[in-house]
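Here's the structure, in structure tokens; my notes come after.
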Amino acid sequence: MIIRTAVMDDLEQIAGVERACFPVSEAATKAEFQERLTYYASHFLLMFDGPKLISFVDGFVTDEPDLTDEMYANARLHCENGRWQMIFGVNTLPEYRRRGYAGQLLNAFIEQARKEGRRGLVLTCKDALVHYYAGFGFVNEGRSDKSQHGGAEWNQMRLIL
């Protein structure tokens with residue numbers, strides 16, 4: 001497996017993995033990923049099995065401490081010198097799940113944020129994944145009042161570095 005940051009040539013595969021992982025109401029579009037890659041490609045970590053993208057983690061950096069719905073849609077809010085690394089998606093193709101790949105990417109993403117001097121990382125997740133992210137040190141701050149992305153209820157979780 002190879003882990004690297006994204007480039008614009010990865011757009012099609014990134015959009016394809018997203019579609020395989022999230023319902024349409026929650027999935028980012030190809031156009032949204034194109035904008036994200038324009039503004040913060042270095043904050044996408046991709047994992048490949050040969051030429052095939054199997055998993056990725058992405059999110060921008062900001063001084064805002066809480067993840068909001070606007071952040072998903074507006075990559076221009078990225079602030080490279082921000083204190084908080086947001087995580088917008090942890091995606092692994094269904095046939096590659098439960099093999100530790102997402103965990104490897106999360107650990108690499110956390111380490112990247114640490115090396116960059118971030119205050120911490122913030123993500124939102126559904127109830128079923130709270131325990132999973134807690135295993136990486138994220139603390140559940142309860143239901144998000146700033147994100148109802150895709151019409152779902154999300155828990156905000158934070159890892160302070």
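Please state which of the following conditions GLY142 fails to meet, knowing it meets all the rest: (1) at pLDDT 95 or above; (2) more than 17 Å from the chain's Cα centre (by Cα); (3) not hydrophobic (A, V, I, L, M, F, W, C).
For GLY142, the failing item is (1).
Looking at LEU105, LEU129, can you tell me which residue is in a helix (DSSP H, G or I), free of Cβ contacts under 8 Å to residues at least 12 places away in the same chain, of a type outside the set (Ser, Thr, Tyr) and farther than 16 Å from VAL61 by Cβ? Full working, then the answer.
Details: LEU105 fails: free of Cβ contacts under 8 Å to residues at least 12 places away in the same chain.
One residue alone meets the criteria, LEU129.
Checking the structure you have, find out if any residue of region 48-57 is outside any strand (DSSP E or B), within 15 Å of the chain's Cα centre (by Cα) and surrounded by 18 or more Cβ atoms within 10 Å (Cβ to Cβ).
Going residue by residue through region 48-57, those that are outside any strand (DSSP E or B) are 50-51.
From what's left, within 15 Å of the chain's Cα centre (by Cα): none.
Looking through region 48-57, none of the residues is outside any strand (DSSP E or B), within 15 Å of the chain's Cα centre (by Cα) and surrounded by 18 or more Cβ atoms within 10 Å (Cβ to Cβ).
Looking only at region 75-97, count every residue that is touching a residue at least 24 places away in the same chain (Cβ under 8 Å) and surrounded by fewer than 21 Cβ atoms within 10 Å (Cβ to Cβ) and tell me the total. It would help to see each step written out before you state the result.
To start, the set of residues in region 75-97 that are touching a residue at least 24 places away in the same chain (Cβ under 8 Å) comprises 75-76, 78, 80, 82-94, 96.
Checking which are surrounded by fewer than 21 Cβ atoms within 10 Å (Cβ to Cβ) leaves us with 75-76, 78, 80, 82-83, 93-94, 96.
Total satisfying the criteria: 9.
So which of GLY82, GLY120, GLY89, GLY137 is among the small types (Gly, Ala, Ser) and within 26 Å of PRO23 (Cβ to Cβ)? Steps first, please.
Details: GLY82 fails: within 26 Å of PRO23 (Cβ to Cβ); GLY120 fails: within 26 Å of PRO23 (Cβ to Cβ); GLY137 fails: within 26 Å of PRO23 (Cβ to Cβ).
Just one listed residue meets the conditions, GLY89.
For region 15-41, what are the residues that are of a type in the set (Phe, Trp, Tyr), without any contact (Cβ under 8 Å) to a residue 40 or more places away in the chain and outside any helix (DSSP H, G or I)? Walk me through how you get there before you give the answer.
Taking region 15-41 first, the residues of a type in the set (Phe, Trp, Tyr) are 22, 33, 39-40.
Filter once more, so that each one left must be without any contact (Cβ under 8 Å) to a residue 40 or more places away in the chain: 33, 39.
Listed by number, the list is empty, since nothing qualifies.
Regarding GLY117, is this residue more than 24 Å from TRP154 (Cβ to Cβ), out of contact with any Lys or Arg (no Cβ under 6 Å at 6 or more places or on another chain), small (Gly, Ala, Ser) and modelled with pLDDT under 95?
Details: more than 24 Å from TRP154 (Cβ to Cβ): yes; out of contact with any Lys or Arg (no Cβ under 6 Å at 6 or more places or on another chain): yes; small (Gly, Ala, Ser): yes; modelled with pLDDT under 95: no.
No: the conditions fail for GLY117.
Going through region 58-74 one residue at a time, which ones are among the hydrophobic types (A, V, I, L, M, F, W, C) and either crowded, with 17+ Cβ neighbours inside 10 Å or touching a strand residue (DSSP E or B) at 6+ places or on another chain (Cβ under 9 Å) (or both)? Don't jump to the end; show me each part of the working.
We begin by selecting, within region 58-74, every residue among the hydrophobic types (A, V, I, L, M, F, W, C); these are 60-61, 67, 71, 73.
Once the filter is applied, which keeps residues that are among the hydrophobic types (A, V, I, L, M, F, W, C) and either crowded, with 17+ Cβ neighbours inside 10 Å or touching a strand residue (DSSP E or B) at 6+ places or on another chain (Cβ under 9 Å) (or both), region 58-74 yields PHE60, VAL61, LEU67, MET71.
The values are calculated or read from the model by the stated rules, or taken from the named source; none is laboratory data. Given the structure is predicted, the values throughout are model-derived calculations rather than measurements. Ideal geometry is used to build each Cβ from the backbone, glycine not excepted, and the neighbour counts take in all protein chains shown.
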